[in-house]
Amino acid sequence: NANTSSNFVHIRYTYQQLGSTEAWFKEIVVEMQKDWSAIRREVLLEWSAASDNSPFKKEDLLIVKGLIKEPIQQVVLRGMYIFNIYEKINLRNPPLIGVDVSGGFKRDSSTITIVDSKTTRVVADFNCNYISPIDLASVIYELVTKYMNNAIVNIERNGGFGASVIAKLLKTSVKRNLFYEIKDRVVEERYNGVNMAKRTQKTKVYGLDETHGTRDLLMEILRERMEYHKDKFISPIIYNELETLEVKKNGRIEHCATGHDDQVFSYLLALYIWYEGKNLMENWGLVKSSLKTDQDIDQAMVTIEDETS
């Protein structure tokens, strides 16, 4: 009822869930003359919007696709907002929460991605294109206070919407969970008769502003994850958005015209804490450990096979 902009409801079932057999599927394949593009779209419900100018190799995307999971559980917050849980969350280590904020009235979504700070694997996510910033702040408050009170929350500040979510949370007990950086901020400008003198002061800046520099840094984190940590994406929503990313003529990586990148950015905001955060132990009790890469896992499997043979 809260979605006043549309009365459209999307309910999706696999043919197995509807009771159809593999024999039925084989008949459909023949009936549709092995048109696999149509079969994937109309029978397997794979709505691909893959870009021809992707920043990633096709084989890497296929590996990520093969490693994604369906949710093992769904949790409803505030009676209507659904979180997908992909793995059990280890609360001995502070979970990393990235939040990308939209206004709740356009095609962009507000998204939340939760990452295990020990393994850096995605453990849960949330995606909604009609939630208001006020409700989003309430969802974050309930998520942290009810389920993970040691979490570190990094919220994208840009556009005014993110700043309003941060401002609301700063008035609550969740303030101690909000990620911040110490930066020089101009606190006073004074004309000295010749030019304008600026006085700066070290200030806590909550959340992350998306500038040209921070965006490049986030994209570098994403490339590194695709190179070394393909097993840690897990989320179908993140994978679908990775498929739609493309390199624009100016070199900027963005989603294609029919795609989205909101979930990817909330994921990167969570990882920004791990890769770029300072004084994590002192401020939030996070101790970073070494990460297993794809190559480490492959080598371990080879060793096991050698030992068994």
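The values are calculated or read from the model by the stated rules, or taken from the named source; none is laboratory data. Small disclaimer: the values here were computed from a predicted structure and weren't measured. Every residue, glycine among them, receives a Cβ derived from its backbone with ideal geometry; neighbour counts consider all protein chains shown. Protein only, heavy atoms only, side chains kept; ligands, DNA and RNA dropped before computing areas. Shrake-Rupley method; radii C 1.70, N 1.55, O 1.52, S 1.80 Å.
Quick notes
- Label-point separation in nm, residue 295 to residue 22, each point 7 Å along Cα→Cβ: 3.7
- Heavy-atom accessible surface of the chain: percent carbon and sulfur, 1.4 Å: 51
- Residues listed by number, the stretch 245-288, amide nitrogen under 12 Å from residue 90 label point at 7 Å toward C-beta: 287-288
- Reachable aspartates and glutamates, given that their alpha-carbon falls under 18 Å from the alpha-carbon of residue 88 and they are not under 8 places away in the same chain: 70, 116, 125, 231
- Helix 294-308 axis, angle to the chain major axis (alpha carbon atoms, nearest 10°): 50
- Between 234, 28, 68, the residue with the greatest mean-square fluctuation in the GNM of the chain (Cα pairs under 10 Å linked by springs) is 28.
- Note: relative contact order over the chain, using C-alpha pairs below 8 Å and six or more positions apart, is 21 percent.
- Solvent accessible area, Å² - residue 46, 1.4 Å probe, full protein context: 70
- Cα gyration tensor shape for the stretch 131-247, rounded if a/c is under 1.5, else prolate or oblate: oblate
- Unsatisfied cross-links (Cα-Cα over 19 Å) in the set 202/278; 198/278; 204/278; 175/204: 198/278
- Across 34/248; 230/288; 34/65; 65/118, pairs whose alpha-carbon gap is larger than 26 Å: 34/248
- For the chain, a Gaussian network of Cα nodes joined below 10 Å ranks 270, 38, 151 by mean-square fluctuation, and the top entry is 38.
- Choice from 238, 72, 134 with maximal GNM fluctuation in the chain (Cα, 10 Å cutoff): 72
- In a reduced charge model with +1 at each Lys and Arg Cβ and -1 at each Asp and Glu Cβ, the stretch 151-209 shows a dipole moment near 260 debye about its Cα centre.
- Adding -39500 (n - 2.57) for every DSSP H run of four residues or longer, then dividing by how many residues the chain holds, sets the calculated 222 nm ellipticity at -11000 deg cm²/dmol.
- Folded to 0 to 90 degrees: helix 22-31 orientation relative to the chain principal axis, Cα: 90
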